[in-house]
Amino acid sequence: MERYTTEHLFHQWYEHWHRYFWVLPLIKDLQLADLACGEGYGAALLAQHAKHVTALDIDAATIQKAQQKYPQDNIRFVCADVLNTGLAANQLDCITSFETLEHLAEHEALLFEFKRLLKQDGVLIISTPDTDVYNPEDKHNHHHVKELDRVEFQGLLSRHFAHSALFGQQLQLASVIKPIDNQAESVTLQAKWVQQGKEFTAHKDITKPQYLLAIATDCEQNLEKFKHLGGSCFNDSENSLYKHHEQQLQRLQSVDKRMPELEQQVQRQATIINHLKARLGL
């Protein structure tokens, strides 16, 4: 089973944590469920803001570990099938379910269950890889049962919810300029994309996001509120991924520098071997 754990660093760390941090501003005091919660790290983060979080996963051992690791009063961990949760209907203000859809073939049944659990004005926040970008050369992830492209994902949501908004997530390398004499928690950033040719030309972001995130609801007012989440930039204070990238580049450059020397050593050894073979009549 494909499952992210917090011990996994680098690109997965950024992608998985970012989704949960992204929704935090709008879940304060909500009744929430994180369905297919995995080891529970996201549910624990959501519980710092939500009124109560029900965290559900099909794997009993994973749920048991989550209960031990995150013993918060406002989290309930449940072992159940996400297609048949057994939870009470019409009780949830919000459902989060990240990277769940592609592991199941029964997409319609999954959305029916989500809809059953939500209040009339409830909101679903869901993510899945865009198969056109995630598998550009049909390099299928064997853990994934059924992936969707953007059009298919939007179509699925529209069959179950009156309103939806789509977002894209992609890991990108960027240079950041920010004020350092203002220690405000949040800083407004301008995003610039350029293409380098003979001259730099600025243009809109034309990159294709690897992951699709959607907000879906029957309540237009709630959609507008959640749409204010907008774009989001996420990083760790240690800039770990970039540092790892630089370390690997330095290692490869060091290997490249040694290659000519090693090739000469191999050639000298081959000459010696051939000389010895000749003397031995081999």
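Would you mention how many residues in the range 36-52 are farther than 16 Å from TRP17 by Cβ and crowded, with 24+ Cβ neighbours inside 10 Å?
1
Residue by residue, here is whether (1) at pLDDT 95 or above; (2) among the β-branched types (Val, Ile, Thr) holds:
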position	(1), (2)
ALA43	yes, no
LEU46	yes, no
GLN68	yes, no
LEU87	yes, no
GLN91	yes, no
ALA105	no, no
LEU118	yes, no
ASP121	yes, no
ILE126	yes, yes
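When the residues of the range 193-216 are filtered to those that are outside any strand (DSSP E or B) and at pLDDT 75 or above, which remaining residue is nearest to THR100 (Cα to Cα)?
GLN210
Please find, within the range 99-129, the residue that is nearest to PHE167 (Cα to Cα) out of those that are of a type in the set (S, T, N, Q) and surrounded by fewer than 22 Cβ atoms within 10 Å (Cβ to Cβ).
Only one residue tops the list, namely THR100.
If you take the residues of the range 162-190 that are modelled with pLDDT of 75 or more, among the hydrophobic types (A, V, I, L, M, F, W, C) and surrounded by 10 or more Cβ atoms within 10 Å (Cβ to Cβ), which of them is farthest from the chain's Cα centre (by Cα)?
ALA162
Could you say which residue among ILE95, ILE63 is in a helix (DSSP H, G or I), in the same structural domain as GLY122 (by TED's automatic domain parsing) and modelled with pLDDT of 95 or more?
Unique residue meeting the criteria: ILE63.
Starting from residues that are in contact with a strand residue (DSSP E or B) (Cβ under 6 Å, 6 or more places away or on another chain) and surrounded by fewer than 22 Cβ atoms within 10 Å (Cβ to Cβ), keep the ones in the range 20-35 and report whichever is nearest to PHE234 (Cα to Cα).
LEU30
Would you mention how many residues in the range 137-158 are outside any helix (DSSP H, G or I) and touching a residue at least 24 places away in the same chain (Cβ under 8 Å)?
Number of matching residues: 7.
The values are calculated or read from the model by the stated rules, or taken from the named source; none is laboratory data. No experiment lies behind these values; they were computed from the predicted model shown. Ideal geometry is used to build each Cβ from the backbone, glycine not excepted, and the neighbour counts take in all protein chains shown.
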